[in-house]
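Here is the structure we will look at.
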Amino acid sequence: MAVRKLRVEDFRCLGEVDVDPATGLNFFYGENASGKTSLLEALFVLGRGRSFRASRKDVLIRDGKDAARVIVRGEGHAGTFQAGLEISGGRAELRVNGEPASNVADVAERLPVEVIDPDVQDLVSGGPAERRRYLDWSVFHVEPSFLGAWRRYQRALRHRTALLRQGARGRELDPWEEEMELRARAIDEARQRALAGIVPLVRDFGSSLLDAEIRLAYRAGHGEDSSLGTQLAAGRERDAKMGQTVKGPHRADVHVEVFDRRARGRVSRGQQKLVAASMILGQHRYQAEATGETGVLLVDDVSAELDRGRVGRLLEALSSIPGQVWITALDRSDIGNLQPDRMFHVEQGKVTAVV
Amino acid sequence: MAFHLLERDRDAGLRLAASLSAAMEGIGECSRCRMFTDSEICVVCADPSRDVAAVCIVETPADVMAVEQSTPYRGRYFVLMGHLSPLDGIGPAELGLERLETILGREEVTEAILATNPTVEGEATARFIADVCQEKGVRATRIAHGVPVGGELEFVDSGTLAHAFAGRQTIG
């Protein structure tokens, strides 16, 4: 899949911007606060339904304007599609091919996006939620039935928590815990299948980016000795006291281990960024191999936190991966010898193609 | 609809208003199965030719009509008027499960057909009632969910197809 046209209106510092990207490598350069990150963010918000740097949607609207819009024309194996997003007053409205879309999944399945930005190391150093999300997006793109299982699990989980809050401790909890166990099995299996596909690719990127072996392992969020249903039934008192369900795939994690022959122990921020970048690159390649459809890879401020040698390795990796890539940097010199297919200069919210 | 009746067919509008008004005032719940009825006991429960060994448990009165019109089923019903939903404060009491338990406890009842919807809440309700059936020594069966007859696989949503796949049967 590749974005053939991106139109952004009143998104953050961007006024009206039209971009015609190449299907391969696109490079955007410009000073800080010129709008490079906002451009990538606009595309990401459309594909994922949320920003990678803001939790509230209203901050995405340009000062003094009522609404922000992001419209994409994309081209994939299934043909061309149009997807749009309008944010106004904290509400987001999605459209696909001229029809209103009921949820993020309708756009996300057509527009897979991944991002490597200066905060990408949160994937390694942050909490398990980041890593669960990372894994679940891959599963979502590769196994369409995952979303249904996930929604049913979440629903049963909310019903169980509500019952515990209402004081229930007995058999009225059984049917909800059974549903959770049933869906948890599907969720765990799908995640493990995806991770098994991602692991060797991340290992390859890890060894080429930082000469280290990256190991990823799935932690299901519940014990393996007994069924989830049994564990839930045994934990009712504790969960009621805590006001939440502490076992289950909604508490899962991906364990990240880095074995570095030269520097055992603590991993520097620069190294963490490369570990996280390896994970994203591995995911990107896995989805491309498993579905035959590549996503769009967004790389914001490629040289941040990295010394010259490491930037070179990252750029080399980026030049070899399949599909459309959007890279931003402060200056043209930041990408060394890399030959982009199309280059853009971003200045005060305006984007100009450079020939 | 109101505009259409005002413009073209005021007589039909009045007849509709009269029957709606009669329905609102005269229709209550069957004291046995909770189906809509204008008498104490609904026509199905009152019909002596009905098979008393089977009870089909559904969420709404419309589901009774659907089963009546499309299946050869000749047993009785029990209408839950909803499904279990702790998030909405709906528990066994709201669904009249005490009355259902009494019915299941009668000697003549041998099978309960659980025809609740395949939603998370409908499934949980079916599981809950299946447990009650087990205690009462009544065989509980669940209606099959899957690919619509005459439908084409590629147009069936993935959840339904996964369900149908899990419930596949030996052929020949």
Quiz item: Being among the basic types (Lys, Arg), within 17 Å of B:GLU29 (Cα to Cα) and at pLDDT 95 or above, is that true of even one residue in segment B:82-99?
Solution: yes
Exercise. Pairs only if they're at least six apart or on different chains, beta carbon under 9 angstrom, first in segment B:1-19 and touching a residue at least 12 places away in the same chain (Cβ under 8 Å), second in a helix (DSSP H, G or I) and surrounded by 11 or more Cβ atoms within 10 Å (Cβ to Cβ); list them, first residue then second.
Key: none
Exercise. Out of the residues in segment B:114-144 that are within 9 Å of chain A (Cβ to nearest Cβ) and of a type in the set (D, E, K, R), state the one that is surrounded by the fewest Cβ atoms within 10 Å (Cβ to Cβ).
Key: B:ASP131
Quiz item: Do any residues in segment A:333-355 that are touching a residue at least 60 places away in the same chain (Cβ under 8 Å) have Cβ atoms under 6 Å from those of residues that are open to solvent by 60 Å² or more (accessible area, probe 1.4 Å), where the two are at least six apart or on different chains, and which pairs are they?
Solution: A:LEU338/A:SER319; A:PHE344/A:ALA353; A:HIS345/A:THR352
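When residues of segment B:99-113 are filtered for being open to solvent by less than 40 Å² (accessible area, probe 1.4 Å) and in a helix (DSSP H, G or I), how many remain? Before the answer, list the steps.
Keep residues of segment B:99-113 that are open to solvent by less than 40 Å² (accessible area, probe 1.4 Å), which gives B:100, B:103-104, B:109, B:112-113.
Applying the additional criterion that residues be in a helix (DSSP H, G or I) yields B:100, B:103-104.
Residues flagged as open to solvent by less than 40 Å² (accessible area, probe 1.4 Å) and in a helix (DSSP H, G or I) within segment B:99-113 amount to 3.
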Quiz item: Going through segment B:86-144 one residue at a time, which ones are closer than 19 Å to A:THR161 by Cβ, touching a Phe, Trp or Tyr at 6+ places or on another chain (Cβ under 9 Å) and of a type in the set (A, V, I, L, M)?
Solution: B:VAL120, B:ALA124
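Within segment B:46-97, which residues are part of a helix (DSSP H, G or I), away from every other protein chain (no Cβ under 14 Å) and buried (at least 16 other Cβ atoms within 10 Å of the Cβ)?
Just the residues of segment B:46-97 that are part of a helix (DSSP H, G or I), to begin with: B:46, B:61-70, B:86-88, B:97.
Subset that is away from every other protein chain (no Cβ under 14 Å): B:46, B:61-70.
B:PRO61, B:ASP63, B:VAL64, B:VAL67, listed by residue number.
For segment A:115-182, please list each of the helices (runs of 4 or more DSSP H) lying entirely inside it that holds at least 2 residues being crowded, with 20+ Cβ neighbours inside 10 Å and within 11 Å of another protein chain (Cβ to nearest Cβ). So that I can check it myself, show each step before the final result.
On the way: elements: A:122-125, A:128-142, A:146-165.
Helices (runs of 4 or more DSSP H) meeting the threshold: A:146-165.
Tell me which strands (runs of 3 or more DSSP E) are completely within segment A:1-113 and hold 3 or more residues being of a type in the set (Phe, Trp, Tyr), or say none if there are none.
Values: elements: A:2-11, A:14-19, A:25-29, A:67-76, A:79-88, A:91-96, A:99-101.
Fully inside segment A:1-113 and qualifying: A:25-29.
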Quiz item: Quick check, is B:GLY75 farther than 22 Å from A:GLU179 by Cβ and without any contact (Cβ under 8 Å) to a residue 40 or more places away in the chain?
Solution: yes
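Does segment A:220-239 hold any residues that are aliphatic (A, V, I, L, M) and open to solvent by less than 30 Å² (accessible area, probe 1.4 Å), and which are they? Working first, answer last.
Step one: list which residues in segment A:220-239 are aliphatic (A, V, I, L, M), which gives A:220, A:228, A:232-234.
Those that are aliphatic (A, V, I, L, M) and open to solvent by less than 30 Å² (accessible area, probe 1.4 Å): A:ALA220, A:LEU228, A:LEU232.
The values are calculated or read from the model by the stated rules, or taken from the named source; none is laboratory data. Just so it is clear, the structure is predicted and the values come from calculations on it, not from any experiment. Reconstructed Cβ throughout: ideal geometry from the backbone, glycine too, with neighbour counts over all protein chains shown. Protein only, heavy atoms only, side chains kept; ligands, DNA and RNA dropped before computing areas. Shrake-Rupley method; radii C 1.70, N 1.55, O 1.52, S 1.80 Å.
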